[in-house]
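The values are calculated or read from the model by the stated rules, or taken from the named source; none is laboratory data. From a predicted model like this one, the values you see are computed outputs, not experimental measurements. Here the Cβ positions follow ideal geometry from the backbone for every residue, glycine too, while neighbour counts run over all protein chains shown. Each accessible area value is taken on the protein alone, full model and side chains, heavy atoms only, with ligands, DNA and RNA left out. Shrake-Rupley method; radii C 1.70, N 1.55, O 1.52, S 1.80 Å.
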Amino acid sequence: MTLSKFDYYGPKTVAEAVGLLGEIGEGAKVMAGGTDVLVRIRHRMLKPRAVVGLKRIEGLNGISCGPKRGLSVGATALLADVAAHRGIRRLYPGIAEAALGTANVQVRNMATLAGNLCNASPAADNAPTLLALNAELTIQGPGGERKRPLEGFFKGPGVTDLAPEEVVTAIFVPPPAERSGTAYLHLSARGKHDCTAVGVGVMLAMAGRKCRDARIFISACGPTPLRAPQAEQMLIGQVPTDKRMAEAGVRASGEALPICDIRASADYRCRVLGVLTRRALQAARDRAAKKG
Amino acid sequence: MEDRYSIIGKDVPRNDAVAKATGAAAYTDDMKLPGMLHGKLLRSPLPHARIRRIDTSRAERLPGVKCVITGEDTPKVKYGNWRLFPTTQDEYPLAVDKVRFIGDEVAAVAAVDVDTALEALELIRVEYEELPAVFDVDAALAKTAPALHEASPTNISIDRKISYGDVERGFSASDYVREDTFTVHAVSPGYMEPCSSLALCDLDGRITLWTSTQTPYIVQCLLASTLGMRENDIRVIKPFVGGGFGGKMELRPWEFCAAFMARRTGRPVKFTLTRQEELCYGRRRHPMKLWSKVGFKKDGTLVAKDLKILLDGGAYNAMGPTATFLCGNFGAMLYRYPNYRFLGEHVYTNKAPASAMRGFGAPQSLFAAETQMNMAAEELGIDPIELRIKNAMVTGDEIPGVATISSCGFIESLQEAAKMSGWKRKRKNFKAGRGIGVGCYSFISGGVFNWFNTQYPFSAAEVRAFADGTVHLLTMASDIGQGSDTVLKQILAEELGLGMEDIRITSADTAMTPQADLGTWGSRVTLMGGGAVQNAARKIKEELFGTVSARFDLNVIFEMECRNGRVYAKGKPERGMTFGEAVALAQKARRGEPLVARGYYTPRDKGLVTPAFSFGAQVAEVEVDRETGIVSVKKMWTAHDCGTVINPMAVEGQLEGSIHMGLGYALSEELQVENGRTMNNTFLDYKMFTAEDMPPGESVCIETYEPEGPMGAKEAGEGLASPTAPAVAEAVYHATGYRCKDLPITPEKILKGMKK
């Protein structure tokens, strides 16, 4: 493989990594699995002076999951591990679905959940569900640790709120709300193993027959993952019938900002987003119902 | 009864399979020579421009750079595969005066490593004067359009006409006439091994070139003419090749540059393309605009067809002239058209050149023909398979002035495909969202037209027999993954009554194997290369039969046989000896002169197209999500006639590969070109089907005996690139009411075109 020349650092601790980023300054790139960073370097879209790899940091790949403590996924935990994790599959099936729906087996065996978020692709498969579940990031910087909600983290294609010398160390998801369900649906022209052309992650929480809370996030239909607040409002406090969900889907597609590109036209994205939103909402509702 | 054949018709694993699967196979890019330099190409960023000035001085001064060349350094000899018609040769190895597409090769750098070469490219300054450009056939044919090549002021580089019967009269005698326009898109051959070439110049100035090619002989000849050298001062060797599909059958600029720069520097030079280069600038299947008018009698009998095709050729001819020719021939295949007229025009546009790609004009031409057949069937109220059977070609049919069909299992293929798939029941009972459709093909087993103007036989083989019971087969035929080394060995083993383990093969080395072989394309190798092997083997046998006959003082009426490692009298097997003993004896009679025979095949008196046609029918079943337009292919059934099946396992592999490519062509693959720039330059956005996307399939080989083919064999695997798109399109129509006349079938098109 031909790569432009850069120095590689493999720090053993997060503090060391943060220190290195500060020392190197401009031109340093943090790398977890490398499935985005290395490809972009090879395509000469990215020419870092130095790459700071996180995989040697012990314990950073941990996953902890429980109904009371919620979910915490370390920065170097693999998508394959997230997808296969029993606890995640039971408590957060939407997160497992999104991880499993990312790229292919080989990529999932290398790539990380945190990397997928920090790469900030508008089509990132793992963002919508995590946003729908109110995920929070733990970030380490020169000034110590800070936590921030995932919502608002994405600033544009490839751009996040992260400062150059900061590292995301973990993703935290609060315990699932009672009688709630999540789902993630996405599609592209080719069935499997493809970059998402339209995706939607939803969370629905029920109280009695009515919807108590709804969060809907859309991917690949704008510069960042987008929230569909109007569609959410159409559901909250209402009985989530199929008809209402279809209407919410249509509203959600109105809230998206899709563009025409080689993966799909804006028209198609809008039309299909409505369908996917409805289907994801139905799946989330059925899951919530199962929890009783 | 004893099987007619010992090894023909048996599953024999391909020669290269284990090596490729385990990574042991060394491809050109795996090779390293001492002192080797790495080459990179500077390409035009503009679709059409005059080159004012090129300044390479800064690049030359970069440490590690050993050689920088532009068109001005070269002999400036144009090349192209249609040597018989020198005016069609329109390409220079490096641009001279003008560039004609984004990616046109302008300069080359050889340096100590790839990074240095890439850095040097950035230091080359080229001053261009941009010219107006055209990106589709309509724009290229407009009166005001700029001419890409001086020799073709209209931008039509070549045309082809076919006509027999009286088409106008045919239409007036028809009860039902329909006229449709179809468009098809550009797709990439997508071979797994990007092009790679490594050149070595010896102390006498001779060149050895290892290159990822389908056609070592063509590369050797054209390299000689572009370098101003003699053919046999150049040796071309084809190592393991990871697929070609038509995209590696011409001389290419990096082959020239590697050889030229190796001579200039005295050091080996290697070029390997990246996937982006392959997708953006590589050869592709022709986009086309097809207008077709057909006339039928009320009962479904075909009366006439008028076909006009514009091929979007891109900036150079490449294999476009052959594709133009073949489109017209395939337009007249499969069914009996008493009146037929074809006009094909190959049009220059400012895009990466299209060329040969699995099917060579057939997938495009047959998509239109087969879709139109399905539309006509619906309007005539006849089942699409019934309509085909009614008009199907049969053995002995003649295409006036073109060819006689010497073997044809088309009707049986249709019947078998219908039976396997449960056609009648599904056609009637499927609910909305589920559909089944049919598409058919015919294909050539090699071409008979000598556009390359070879002075040698089309195929050749040498067989050396040894007293230890082994033989050595030498042939220039090129195995690029299709399995010809294995199949040629099988043919030889069968003829000589030996096992696969008794045969060593040396293939595709122009200095070591007999002159010549036109290469791997047009599904020619089994029939033609196989014919040459059979011819050589029979000469060896004659020699051995004489020897054994004399040894046992046999009556001259005895038939002799080579089988199970023995040579003997057929009626009296005890009068015989082992193959090795027979060779030893023959050699003794020749006073030590080794037993060597050469065999040849050149088609003669076989019409204008091919010695033999394959046929087949395919049925596709799909499910369409009517809300998203996503098509999921449930199953494919194929029945095909490839004559005698030499290696069922290899035929099955060809079939699966064809379906894979056919589904991509129908549903997901498309090179998206905007203003001459290919936008999807990775496999992420150039969407080939993956293993997980592949549907299950069932297939049946309809065995016929092709008199011209070795053991009755003919083409398998290239023709199968054609039926999938029309079959899937018809299935989608059956499921949704959306009729695709504009490939590929995308979810968007389905949603827009779906009947409520």
> Modelled label-to-label distance, A:Lys12 and B:Asp138, 7 Å Cα→beta-carbon offset: nm?
Replying inline: 6.8
>> Give me the mean projected area, in nm² to one decimal, of the convex hull enclosing the Cα positions of chain B.
In response: 34.1
>> Over 10 Å intervals from 0, what percent of Cα-Cα pairs in the protein assembly as shown sits in each interval?
In response: 2, 10, 17, 20, 20, 16, 10, 4, 1, 0, 0
>> Test of understanding: extend the Cα→C-beta vector of B:Asp742 to 7 Å, then name every residue of segment B:659-681 with backbone N under 20 Å from that spot.
In response: B:665-677, B:679-680
> Roughly how big is segment A:63-173's charge dipole about its Cα centre, with Cβ charges of +1 (Lys, Arg) and -1 (Asp, Glu), in debye to the nearest 20?
Replying inline: 400
> How large is the charge dipole for segment A:7-53, taken about the Cα centre, if only the Cβ atoms of Lys, Arg (+1) and Asp, Glu (-1) carry charge, to the nearest 20 debye?
Replying inline: 280
> Could you give the nm distance between label points at A:Ala163 and A:Leu38, where each point is 7 Å from its Cα heading toward the beta carbon?
Replying inline: 3.1
>> Between B:Asp553 and B:Gln415, what's the calculated FRET efficiency when r is the beta-carbon distance and R0 is 60 Å? Round to 0.05.
In response: 0.65
> For segment A:180-290, what are the per-bin percents of Cα-Cα distances with bins 10 Å wide, up to the bin holding the maximum?
Replying inline: 17, 50, 26, 7, 0
> Under a no-solvent Debye model with one identical scatterer per Cα of segment A:7-53, what's log10 I(q)/I(0) at q = 0.17, 0.22 Å⁻¹?
Replying inline: -0.45, -0.72
> Where Rh denotes the Kirkwood radius from the mean inverse Cα pair distance, what is Rg over Rh for segment B:591-678?
Replying inline: 1.21
>> Under 8 Å for C-alpha pairs, at least 6 residues apart: give me the relative contact order for segment B:546-625, rounded to a whole percent.
In response: 17
> Using alpha carbon centroids, what distance separates segment B:467-488 and segment A:1-44, in Å?
Replying inline: 50
>> I'd like the distance between the alpha-carbon centres of segment A:257-292 and segment A:149-174, rounded to an integer number of Å.
In response: 24
>> Could you work out the relative contact order of segment B:477-602? I mean the mean sequence separation of Cα pairs under 8 Å and 6+ apart, divided by the number of residues, in percent.
In response: 27
> Between B:Asp202 and B:Thr87, what is the spin-label point distance in nm, taking each point 7 Å from the Cα along the Cα→C-beta axis?
Replying inline: 4.1
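List, in the order given, every pair from A:Lys243/B:Lys687; B:Lys606/B:Lys635; B:Lys305/B:Lys424; B:Lys289/B:Lys749; B:Lys32/B:Lys66; A:Lys29/B:Lys40 whose Cα-Cα distance in the structure shown is over 26 Å.
A:Lys243/B:Lys687; B:Lys606/B:Lys635; B:Lys305/B:Lys424; A:Lys29/B:Lys40
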> In chain B, with Lys and Arg counted as +1 and Asp and Glu as -1 at Cβ, which of these residues, B:Ala145, B:Ala432, B:Ser632, has the Cα nearest the positive end of the dipole, that is, farthest along it?
Replying inline: B:Ala145
>> What figure, in Å² to the nearest 10, do you get for the accessible area of A:His43 with a 1.4 Å probe and non-protein molecules left out?
In response: 60
> How big is the Kirkwood radius of segment B:632-716, worked out from every pair of different alpha carbons and given in Å to one decimal?
Replying inline: 15.0
> Which FRET efficiency value, to the nearest 0.05, do you get for A:Ala266 and A:Lys147 by plugging their Cβ-Cβ distance into 1/(1 + (r/R0)^6) with R0 = 41 Å?
Replying inline: 0.70
>> Kirkwood hydrodynamic radius, segment B:263-340, all distinct C-alpha pairs: what's the number in Å?
In response: 16.2
>> Pairwise over distinct Cα atoms, reciprocal of the mean inverse distance: report the Kirkwood radius of segment B:197-248 in Å, one decimal place.
In response: 11.3
> Out of A:Ala77, A:Ala127, A:Ala96, whose Cα points farthest toward the positive end of the dipole of segment A:63-173 (charges: +1 Lys, Arg; -1 Asp, Glu; placed on Cβ)?
Replying inline: A:Ala96
> Taking the Cα centre of each part, how many Å lie between segment B:170-213 and segment B:52-73?
Replying inline: 31
> What does a probe at B:Asp166 reach in segment B:395-434, counting residues whose amide N is under 20 Å from the point 7 Å along Cα→Cβ?
Replying inline: B:400-401
>> Could you work out the percent of alpha carbon pairs in segment A:63-173 separated by over 19 Å, rounded to a whole number?
In response: 39
> Does anything in segment B:220-241 have its amide N under 15 Å from the 7 Å Cα→Cβ label point of B:Tyr456, and if so which residues?
Replying inline: B:220-225, B:230-238
>> Please report the equivalent ellipsoid semi-axes of segment B:70-179, computed as sqrt(5 x eigenvalue) of the Cα gyration tensor, largest first, in whole Å.
In response: 43, 17, 14
> Which FRET efficiency value, to the nearest 0.05, do you get for B:Thr265 and A:Ala50 by plugging their Cβ-Cβ distance into 1/(1 + (r/R0)^6) with R0 = 45 Å?
Replying inline: 0.80
>> Give me the tail of P(r) for segment B:303-389 as a percent: Cα-Cα pairs with distance above 20 Å.
In response: 39
